[in-house]
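Take a look at the structure below.
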Amino acid sequence: MIQASICTIGDEILIGQIVDTNSSRIATALEEAGIRVTRMLSIGDSRDEILDNLRNELTLNDIVITTGGLGPTKDDITKGVLAELSGSTGYVEHQGQLEKIREILHSRGLDMLESNRAQALVPERCDVIVNRKGTAPIMVFRFPEESFGATLYALPGVPFEAVGAIPSVMDDIRKHFLTENILHRNLMVFGIAESALSELIAPWEDALPEDMHLAYLPNPLTGIRLRLSIYGGSEEEDAARVDKEVEKLKKILGDKLYSEDDDTLEATVGRLLKTMGKTLSAAESCTGGEISHLITSVPGSSAYYLGSVTSYAISVKEKVLGVPSETIESFGVVSSEVAAAMAEGVRRVTGSDYAVSTTGLAGPDGDERNPVGTVWIGAAGPKGTKTVNKIFKNDRKRNIERFAASALDFLRLMILEDLNK
């Protein structure tokens with residue numbers, strides 16, 4: 001199998017000033033092409049460190065992809081180091097990239113500076129893929145067998161540009177490398193801990209064919225992604241084999257399996273609502289708009305989502321949602337009764353078919369009735385109202401994420417029940 005390494009270059013990543021999102025996007029593209037990523041490295045803005053690390057990666061891998069250090073300022077030294085690494089003794093001006101630089105500057109009403117023009121200069125021993133999203137060209141160094149026998153792709157570090165370059169880079173890789181077929185199937189599970197899931201499906205997992213690999217990928221917002229993979233086989237035959245195993249798994253998981261694609265709870269809820277021709281609203285307290293944010297992140301959600309009330313204060317719960325003050329006094333703000341009244345209230349206010357609500361304590365403090373991490377979730381629909389209590393033991397941010405995801409899943413189960421009646 002072809003092996004690849006991904007290297008980010010720049011002190012800003014090492015000191016935590018920015019988060020490296022480029023590597024994950026590049027790794028995903030490589031994996032989908034059947035290329036195994038052996039490692040991801042972050043290298044500082046040091047000539048010696050860049051040279052030493054890239055030499056090592058080129059020795060161990062067939063492909064090395066770098067991002068960063070290609071800008072017009074003095075701290076961007078990657079191009080010079082790559083020229084040295086490739087044995088280039090001079091630079092040539094790439095006309096295609098120069099035209100793109102001129103076009104970008106003109107669109108912004110800027111003049112061409114010498115530093116801008118210099119970005120079109122590339123080491124003589126490299127190929128160029130024009131960067132359509134920015135000014136720094138994508139450089140390709142094909143090292144002969146007598147040196148490394150590997151190929152290095154140098155991408156800009158700006159995420160918009162790096163991600164924009166991935167399709168062109170992958171096209172070049174496919175032209176020059178014989179990639180293997182790889183099949184992935186993602187199954188999304190919610191409402192069960194990873195350890196419990198592992199025990200539940202252990203007999204099924206133990207009986208999988210030797211060439212079929214299973215991975216557990218947990219996420220607080222989406223649950224657990226089960227990824228089935230087969231490397232190097234026939235796509236059509238492998239897909240049929242995986243389908244058989246998935247059918248077995250579905251019988252074990254029941255409604256804990258919410259999607260047979262790499263999907264989210266909010267998208268799944270949206271599809272159910274569209275299927276039924278129903279609408280949704282939300283009343284949020286402890287989640288502070290997180291549920292609404294997740295729902296509206298799905299393209300086309302305006303077809304079924306009417307809106308929300310972020311009733312953080314008791315007065316808003318009472319005056320806007322109509323939660324009776326005596327209910328709050330008798331049972332407390334964080335209670336089944338208040339969650340139910342909030343869901344029913346926002347459903348009444350917006351006129352939606354379904355509504356979901358949250359009231360809880362994300363942290364850092366609890367109250368005399370409930371510990372930190374307590375949430376009551378309400379779901380109201382045409383056939384009644386239900387509530388559920390959950391307790392999580394995470395920090396405030398993670399608690400909010402898990403509250404919101406649990407609310408979407410509770411709503412999903414209610415809609416499914418109505419759909420199947």
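Where a number appears in this text, it was derived from the coordinates with a stated rule and is not lab data. Only a predicted model underlies this, so the values are computations on that prediction, with no experimental measurement involved. Glycine gets a Cβ as well: all are built from the backbone with ideal geometry, and neighbour counts include every protein chain shown.
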Quiz prompt | HN-Hα J in Hz across the stretch 20-31 - Karplus 6.51, -1.76, 1.60, θ = phi - 60°, x for Gly and Pro | solution = 7, 9, 4, 4, 5, 5, 5, 4, 4, 5, 5, 4
Practice problem: In vacuum, with every alpha carbon of the stretch 1-110 counted as one equal point scatterer, what does the Debye formula give for log10 I(q)/I(0) at q = 0.10, 0.16 Å⁻¹? Two decimals, please. | Solution: -0.36, -0.88
Self-check item: Cβ-placed point charges (K, R +1; D, E -1), dipole of the chain about Cα centre in debye, nearest 20
Solution: 1360 debye
Quiz item: Within the stretch 333-421, what is the number of lysine pairs with alpha carbons under 29 Å apart, leaving out pairs fewer than eight places apart on the same chain?
Solution: 4
Quiz item: Between Glu235 and Lys393, what length in nm is gained on full extension when 0.36 nm per residue of separation is reduced by their alpha carbon distance?
Solution: 52.6 nm
Quiz item: Considering only the other residues whose Cβ falls under 11 Å of the Cβ of Gly134, what net charge follows from Lys and Arg at +1 and Asp and Glu at -1?
Solution: +2
Quiz item: How much length is gained on full extension from Arg227 to Ala313, taking 0.36 nm per residue of separation minus their Cα-Cα distance?
Solution: 26.8 nm
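Rounded to the nearest 0.05, what FRET efficiency do Glu124 and Asp75 give with R0 = 22 Å and r taken as the Cβ-Cβ distance? Could you check?
Calculated transfer efficiency: 0.40.
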Practice problem: Output the direction-averaged projected area (hull surface divided by four) of the convex hull of the alpha-carbon atoms of the stretch 153-234, in nm². | Solution: 8.0 nm²
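For the ranges 39-50, 266-277, 232-243, 60-71, what's the packing order if you count other beta-carbon atoms within 10 Å of each residue, average per peptide, and put the highest first?
Final packing ranking: 60-71, 266-277, 39-50, 232-243.
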Exercise. Calculate the spin-label point distance for Phe177 paired with Tyr216, positioning each point 7 Å from the Cα along the beta-carbon direction, and give it in nanometres.
Key: 3.1 nm
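To the nearest whole percent, what portion of all C-alpha pairs in the stretch 322-421 is separated by more than 20 angstrom?
Above the 20 Å cut-off, the stretch 322-421 has 38 percent of its Cα pairs.
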Quiz prompt | Amide hydrogen neighbours beyond the local backbone of Ser308, cut-off 5 Å, H modeled | solution = Ala282
Quiz item: By the gyration tensor of its Cα atoms, with a ≥ b ≥ c the square roots of the eigenvalues, what is the shape of the chain: rounded for a/c under 1.5, prolate for a/b over b/c, or oblate?
Solution: prolate
Self-check item: Gain in span if fully extended, Ile192 to Asp52, counting 0.36 nm per residue against the direct Cα distance
Solution: 45.8 nm
Practice problem: Between beta-carbons, use under 14 Å as the cut-off and find the net charge around Glu180, counting Lys and Arg +1, Asp and Glu -1. | Solution: -4
